[in-house]
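The values are calculated or read from the model by the stated rules, or taken from the named source; none is laboratory data. It should be emphasised that the depicted structure is a prediction, and the values quoted were computed from it without experimental measurement. Counting neighbours? That spans all protein chains shown, and the Cβs are built from the backbone with ideal geometry, glycine included. Areas reflect the complete protein model, heavy atoms only, side chains present, ligands, DNA and RNA absent. Shrake-Rupley method; radii C 1.70, N 1.55, O 1.52, S 1.80 Å.
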Amino acid sequence: MKKHLITLILSMHVLLVFGQTNPTQQREEWQAKFFSSPDFAIPLLVDAAIMNSPDIEILETTRKASKNQLKLAKKEPLRSIRLSASYGYGSMNNWFDESQLNNFSPFNLDARSQYALGIGINYNLEQLTGGRRLRVQNQELMVQQSEAQRKQGERVIRQNVIVLYQELVLAKVSLDHFQDALQTAYVNSQLVDKQFREGNIRVEEQMAVQDVYNNAKLAQVQASNQYETALLMLEETIGMTINTLMNSK
């Protein structure tokens, strides 16, 4: 019984440790893939940047408005067709033959209701000379222009994302390098301090090593600042954090 209890406790401990470390391992996996695989990362960044770009939203609105104007231009002939109806009351016949017209006297006719229904088409000279066709063609060109502007806007965003991604990767490599250099300088400074306290080295040697450590620390801070700036610029472009983007996939 005691043996089974120990096994159960160990099993629960393993599950607990796995549950605690697994998210970190997953995060490290996508981070490694993000920085080492441009073919994987750049398309995700470009799609997010286009989806959240206010410039693209403006261009898309312009494109939709141009398509609506084209639909209206194509339906313009329908505006020249008019349907009319009227109602009256009196003693007028609807049709007359020639004998009735000669002997016509409205006072001899019975009063009755009169209905009239008609359809008419009204064209101006501009429509008859091809003005409408030219307007439709011009509006089609406007639609093509708006679509080309959107494609150009997407291309600009794609180029910008590529540049920002490469800058972030370079900043990450630089930061890793200076962090390693800082760690090495720190270890050396601790050893030198110990040797100095023991009287094994002179103060000039101890100060030289301390200067190396201070320079390494400054370089690491600068590299960290450059990395944070590159990261924020890229996240500003895509409209979300990198962590949010990668966790949504």
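Within segment 179-219, the set of residues being of a type in the set (Phe, Trp, Tyr) and touching a Lys or Arg at 6+ places or on another chain (Cβ under 9 Å) comprises 186, 196.
Look at segment 225-249: where a residue is farther than 20 Å from residue 29 by Cβ and open to solvent by 70 Å² or more (accessible area, probe 1.4 Å) and a partner is at pLDDT 95 or above and among the aliphatic types (A, V, I, L, M), sitting 6+ places away or on another chain with Cβ atoms under 6 Å, you get 226/171; 233/164. Screening the candidates 240, 246 for the property of being under 30 Å from residue 41 (Cα atoms) and either over 35 Å from the mean Cα position of the chain (by Cα) or in a loop (DSSP other than H, G, I, E, B) (or both) yields one hit, 240. Residue-level check: of (1) open to solvent by 50 Å² or more (accessible area, probe 1.4 Å); (2) within 30 Å of residue 55 (Cβ to Cβ); (3) not aromatic (Phe, Trp, Tyr), residue 195 misses just (2).
The set of residues in segment 156-177 being open to solvent by 70 Å² or more (accessible area, probe 1.4 Å) and among the charged types (D, E, K, R) consists of 158, 167. Would you check if residue 203 is β-branched (Val, Ile, Thr) and surrounded by fewer than 18 Cβ atoms within 10 Å (Cβ to Cβ)? Yes.
Kindly provide the set of residues from segment 137-155 that are aliphatic (A, V, I, L, M) and exposed (fewer than 13 other Cβ atoms within 10 Å of the Cβ), ordered by number. Matches in segment 137-155: 141, 148. Residue count for segment 170-211, restricted to those that are among the small types (Gly, Ala, Ser) and farther than 30 Å from residue 230 by Cα: 3.
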